[in-house]
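Heads up: the structure comes next, in structure tokens.
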Amino acid sequence: MAFRFLILFIIIGIVELYAFQAIKTLTKSKWVLIAYIIISVAAILFIAYEFMKFDRAVGQTKMTLITLGLLLLVLLPKLVLTFVMLMEDVLRLMMGTVTHFMGHNSDSFLPARRKFVSQVALGLAAVPFLSLIYGMTVGKYNFKVIKQTLFFPDLPDAFEGFKLTQISDIHSGSFDNPEKIQYAIDLINEQESDLLLFTGDIVNAKADEMHPWIETFNGLKQYEYGKYSILGNHDYGAYLDWKSEAAKAANFEAIKDLHRQIDFKLLLNENIKIKRGDDEIAIIGVENWGKHFGEYGDIDKASENVAPQDFKILMSHDPSHWEYIVKRHPKNVQLTLSGHTHGMQFGIEIPGYFKWSLAQYMYKQWAGLYNEFGRYVYVNRGFGFHAYPGRVGIMPEITVFELKKGNIVA
């Protein structure tokens, strides 16, 4: 542990040194340099203090979110600065070496730093800095309605044109703006859907995080074919230290009851059939199954009394379940709806052309629509936010699906 802290301090020291060098190249004002040092030291001490007093019995708080946001604001821009300045030092070292061996006299082995490089470094560093500020002030509540038309050759005739809305990863413990949450609820209600599905993570860890928002979420309208939900990995209280197993179990029961309080039917490894005309489809809900975050879900139990030829919509919080189990499952699940990844709340998306996030290095399916073996999975980017108190490039999502009869589009 001590060795890890030593490495961390060395890295921070190098980053701060290079950042200071960039500032120093641009200005000779003693007061500007002193102010920069004071602000940097104060920020580092504040972050260190907040991390040291973090209590796993309490979990994430508003101050934790602020601290993580500040950490990224301090770290990412300076990492960009460090990279550019380090590349300059490599070039300076190469030029100094060549000059030395060619016998040219010089007052210094290394050429002086160039002001232009520092300007470029600061300009590049401003991009993540301003992006993170935007993400924490605007992006986290910049809700997007994404519409998807899905084609299935075996869709029952009566469900042609059937519409359903999906939300995921509410993370109510992170909310701090009632007006924005009410706006999102109104946006959900504006969609002309027949069914509403919520794919898990109603809280960060504790049931009482949702209590201030129950009335707001009760504003969700009634749907002709109901409102159904499942649990996500954060709903099990696994990321806190509990006083006792009884306390953890009581919290889990309270979290499950939250779904009833906002008028959702929670599906716990079970299914329900919904009828339209003379046809029916199965809505299957599993508990969380994640390759790295707990394997509680049981698709075999959840799909009892459902035949392979029946049309099925599976709600499974973690998309790794689809990758490792569902897409090859003999019950032939035509559509799986997931969430969990949030797209890491940070990335670049140019619809139809380009999509990137660190999430793709952890999950094969991490945001949007995928199909394989003639089966779809859709990974919702999430309604709320967690850890980093913002969103950059990967916006909060409300998804509306329209089901059509026809061949699956590759």
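Here are the numbers:
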{"read-out": "Residue pairs meeting the criteria (Cβ under 6 Å; at least 6 apart or on separate chains; first surrounded by 22 or more Cβ atoms within 10 Å (Cβ to Cβ), in the stretch 331-353; second assigned to a helix (DSSP H, G or I))", "value": "VAL333/VAL326; THR336/TRP322; THR336/VAL326; THR341/ALA359; GLY343/ALA359; MET344/LEU358; MET344/ALA359"}
{"read-out": "Segments classed as strands (runs of 3 or more DSSP E), wholly inside the stretch 291-406, with at least 3 members that are within 16 Å of the chain's Cα centre (by Cα)", "value": "347-350, 354-357, 397-405"}
{"read-out": "Subset of the stretch 14-50 that is in a helix (DSSP H, G or I) and of a type in the set (D, E, K, R) - its residue that is nearest to LEU79 (Cα to Cα)", "value": "GLU16"}
{"read-out": "Residue in the stretch 262-269 that is modelled with pLDDT of 95 or more and assigned to a helix (DSSP H, G or I) present", "value": "no"}
{"read-out": "Residue in the stretch 51-60 that is within 21 Å of GLY123 (Cβ to Cβ) and part of a loop (DSSP other than H, G, I, E, B) present", "value": "no"}
{"read-out": "Any hit, the stretch 157-176, residues being without any contact (Cβ under 8 Å) to a residue 24 or more places away in the chain and of a type outside the set (Ser, Thr, Tyr)", "value": "no"}
{"read-out": "Matching residues, the stretch 55-69, being over 20 Å from ALA43 (Cα atoms) and in contact with an Asp or Glu (Cβ under 7 Å, 6 or more places away or on another chain)", "value": "ARG56, ALA57"}
{"read-out": "Condition check for ILE284: assigned by TED's automatic domain parsing to the domain that holds ILE202 and either charged (D, E, K, R) or over 16 Å from ASP201 (Cβ atoms) (or both)", "value": "yes"}
{"read-out": "Residues (surrounded by 11 or more Cβ atoms within 10 Å (Cβ to Cβ), of a type in the set (A, V, I, L, M) and more than 35 Å from the chain's Cα centre (by Cα)) located in the stretch 1-34", "value": "LEU26, VAL32, LEU33"}
{"read-out": "Checklist (1) within 27 Å of GLN309 (Cα to Cα); (2) free of Cβ contacts under 8 Å to residues at least 24 places away in the same chain applied to HIS211, failing item", "value": "(1)"}
{"read-out": "Any hit, the stretch 165-183, residues being among the aliphatic types (A, V, I, L, M) and either exposed (fewer than 13 other Cβ atoms within 10 Å of the Cβ) or in a helix (DSSP H, G or I) (or both)", "value": "yes"}
{"read-out": "Check on LEU130, modelled with pLDDT of 95 or more and either surrounded by 21 or more Cβ atoms within 10 Å (Cβ to Cβ) or within 30 Å of VAL80 (Cα to Cα) (or both)", "value": "yes"}
{"read-out": "Qualifying positions in the stretch 189-204 - surrounded by fewer than 22 Cβ atoms within 10 Å (Cβ to Cβ) and of a type in the set (A, V, I, L, M)", "value": "LEU195"}
{"read-out": "Of the criteria (1) modelled with pLDDT of 95 or more; (2) assigned to a loop (DSSP other than H, G, I, E, B); (3) on the phi < 0 side of the Ramachandran plot, which one ILE283 fails", "value": "(2)"}
{"read-out": "Pick from the stretch 197-237, criterion in a strand (DSSP E or B) and under 21 Å from the mean Cα position of the chain (by Cα), ranking: farthest from THR399 (Cα to Cα)", "value": "SER229"}
{"read-out": "Whichever residue in the stretch 238-257 is part of a loop (DSSP other than H, G, I, E, B) and either aromatic (Phe, Trp, Tyr) or assigned by TED's automatic domain parsing to the domain that holds GLN60 (or both) and, among such residues, is farthest from LEU195 (Cα to Cα)", "value": "TRP242"}
{"read-out": "Considering residues of the stretch 215-244 that are modelled with pLDDT of 95 or more and among the charged types (D, E, K, R) only, the residue surrounded by the fewest Cβ atoms within 10 Å (Cβ to Cβ)", "value": "GLU224"}
{"read-out": "Given (1) of a type outside the set (Ser, Thr, Tyr); (2) outside any helix (DSSP H, G or I); (3) closer than 19 Å to ARG381 by Cβ, number of the condition LEU187 does not satisfy", "value": "(2)"}
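Each row is one residue, and each column tells you yes or no for (1) outside the structural domain of ILE325 (by TED's automatic domain parsing); (2) crowded, with 21+ Cβ neighbours inside 10 Å; (3) over 18 Å from HIS234 (Cβ atoms).
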residue: TYR361; (1), (2), (3): no, no, yes
residue: TRP366; (1), (2), (3): no, yes, no
residue: LEU369; (1), (2), (3): no, no, yes
residue: TYR376; (1), (2), (3): no, yes, yes
residue: ASN380; (1), (2), (3): no, yes, no
residue: GLY384; (1), (2), (3): no, yes, no
residue: ARG391; (1), (2), (3): no, yes, no
residue: PRO396; (1), (2), (3): no, yes, no
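Quick grid of which residues meet (1) exposed (fewer than 15 other Cβ atoms within 10 Å of the Cβ); (2) of a type in the set (S, T, N, Q); (3) closer than 28 Å to ASN204 by Cβ; (4) touching a Leu at 6+ places or on another chain (Cβ under 9 Å):
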position	(1), (2), (3), (4)
VAL41	yes, no, no, no
GLU50	no, no, yes, yes
ARG56	yes, no, yes, yes
LEU72	no, no, yes, yes
LYS78	no, no, no, no
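The values are calculated or read from the model by the stated rules, or taken from the named source; none is laboratory data. All values derive from a computational prediction rather than experimental measurement. With ideal geometry, Cβ positions are generated from the backbone for all residues, glycine too; neighbour counts draw on all protein chains shown.
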